[in-house]
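One structure is given below, encoded as structure tokens.
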């Protein structure tokens, strides 16, 4: 449906759509969890697949007329298995969070113990954050990062696992910017009889492109999403070793998912095909290079980064040695047209978040390269220099113009 039809049918909705398009065109998105969806993805999510209601796993649909949907699910799963080197794939979860809950439901009983990286130290809310529903369903025990290095202490993790003896050892990141040692993690998990589960929702695109190590063959179960670095639609999927397939599938259906979203599965199938292309692999290589280049540029300008740098698409800026904080810096960057989100620093007791999390996925998709990262670093440093003061319009205007110039040069 084109814009003119929407404008005629619903002017209020069209006005909101137009504003959002303008916001994306005229500002720089550095949210680590966001990406730009390509035209094929957008077409598939609004295609005839959206008209069909299907309930159940492939070959066992409860509703008639789902033969094509069965083939669609199988196509998406086969592509995902090949891309990630997995033995089994389930493409039905609605998101990475939904995928996680499906795994918990299939593998565990209520109250069973999960040892997971603390969400306050870089993992995800669905890894048992106190306010999240998962913390009320299962017994989460969390391990953290070392206060000095901000890195995982694997020796301490081994001791904790021996004491806790969880059913699942869970690792994954929404703001931990370093790689996981999956081989060592598998050894720790299996030594105490636990399943190793890896949540790669943030890094699935980098993993698919082979620019960072895959959890397989070490992990038993892997959850992921198609947004973020897969640069596709908002949906999730689960990969696992064959021995866990019956439990995983049972956790998906009938455990949690009833009516599925065929249009999203179609977009996921396309994402799996596209991720295997040289063009996507080049994009992910550039993403990694851009992020590391920007992190280095910020370091050279005197700013501190959590763990000292990054191995992926994002980094966390540690603002404890500055005159600002994550909330204030996020607002100031928003004023000049750059979007990030505030983040607490592990072990920090401040009443406000003292960090920001930022990523380079959208910048890279727009065509920026390493040579453009110093300009971004200068903009961030200027916003940091405002400190606790409210910047004047005279200070904001030239920075906003620099952002607009970049947006005009590197279009969505």
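The values are calculated or read from the model by the stated rules, or taken from the named source; none is laboratory data. Quick caveat, the model's predicted, so the values are computed rather than measured. Note that each Cβ is placed from the backbone with ideal geometry, even for glycine, and that neighbours are counted across all protein chains shown.
Taken over segment 287-306, the criterion of being more than 15 Å from residue 378 (Cα to Cα) and either free of Cβ contacts under 8 Å to residues at least 24 places away in the same chain or surrounded by fewer than 20 Cβ atoms within 10 Å (Cβ to Cβ) (or both) is satisfied by 289, 292, 305. Considering segment 158-192, and only residues there that are in a helix (DSSP H, G or I) and either in contact (Cβ under 8 Å) with a residue 40 or more places away in the chain or not assigned by TED's automatic domain parsing to the domain that holds residue 105 (or both), the residue that is farthest from residue 305 (Cα to Cα) turns out to be 164. Of the residues making up segment 325-340, those that are in contact (Cβ under 8 Å) with a residue 40 or more places away in the chain and either surrounded by fewer than 20 Cβ atoms within 10 Å (Cβ to Cβ) or more than 20 Å from residue 27 (Cβ to Cβ) (or both) number 2.
For residue 377, the requirement of being assigned to a helix (DSSP H, G or I), closer than 25 Å to residue 205 by Cα and not assigned by TED's automatic domain parsing to the domain that holds residue 120 is met.
Within segment 233-242, can one find any residue that is more than 21 Å from residue 124 (Cα to Cα), in contact with a strand residue (DSSP E or B) (Cβ under 9 Å, 6 or more places away or on another chain), assigned by TED's automatic domain parsing to the domain that holds residue 50 and surrounded by fewer than 20 Cβ atoms within 10 Å (Cβ to Cβ)? Scanning segment 233-242 turns up at least one residue that is more than 21 Å from residue 124 (Cα to Cα), in contact with a strand residue (DSSP E or B) (Cβ under 9 Å, 6 or more places away or on another chain), assigned by TED's automatic domain parsing to the domain that holds residue 50 and surrounded by fewer than 20 Cβ atoms within 10 Å (Cβ to Cβ). How about segment 307-317: which of its residues are farther than 15 Å from residue 377 by Cβ and surrounded by fewer than 24 Cβ atoms within 10 Å (Cβ to Cβ)? Those that are farther than 15 Å from residue 377 by Cβ and surrounded by fewer than 24 Cβ atoms within 10 Å (Cβ to Cβ): 307, 308, 311. Does at least one position in segment 292-299 carry a residue that is over 21 Å from the mean Cα position of the chain (by Cα) and part of a loop (DSSP other than H, G, I, E, B)? Among the residues of segment 292-299, not one is over 21 Å from the mean Cα position of the chain (by Cα) and part of a loop (DSSP other than H, G, I, E, B), which makes the answer no. Note on segment 41-143: enclosed strands (runs of 3 or more DSSP E) holding 2 or more residues that are touching a strand residue (DSSP E or B) at 6+ places or on another chain (Cβ under 6 Å), touching a residue at least 12 places away in the same chain (Cβ under 8 Å) and within 22 Å of residue 246 (Cα to Cα) are 88-90, 113-117. Scanning segment 50-71 for residues that are at pLDDT 90 or above, exposed (fewer than 14 other Cβ atoms within 10 Å of the Cβ) and on the phi > 0 side of the Ramachandran plot turns up just one, 65.
Can you report the number of residues in segment 324-375 which are on the phi > 0 side of the Ramachandran plot and touching a helix residue (DSSP H, G or I) at 6+ places or on another chain (Cβ under 6 Å)?
Final tally of qualifying residues: 1.
Suppose we keep only residues that are touching a strand residue (DSSP E or B) at 6+ places or on another chain (Cβ under 8 Å) and not in a strand (DSSP E or B) within segment 193-206. Which one would you say is surrounded by the fewest Cβ atoms within 10 Å (Cβ to Cβ)? Of everything passing the filter in segment 193-206, 194 is surrounded by the fewest Cβ atoms within 10 Å (Cβ to Cβ).
Out of the strands (runs of 3 or more DSSP E) lying entirely within segment 305-372, which hold 2 or more residues that are under 17 Å from residue 229 (Cβ atoms)?
On the way: elements: 314-318, 341-343, 355-359.
Filter on segment 305-372 gives 314-318, 355-359.
Out of all the residues in segment 258-279, is one or more assigned to a loop (DSSP other than H, G, I, E, B) and crowded, with 18+ Cβ neighbours inside 10 Å? Checking segment 258-279: at least one residue is assigned to a loop (DSSP other than H, G, I, E, B) and crowded, with 18+ Cβ neighbours inside 10 Å.
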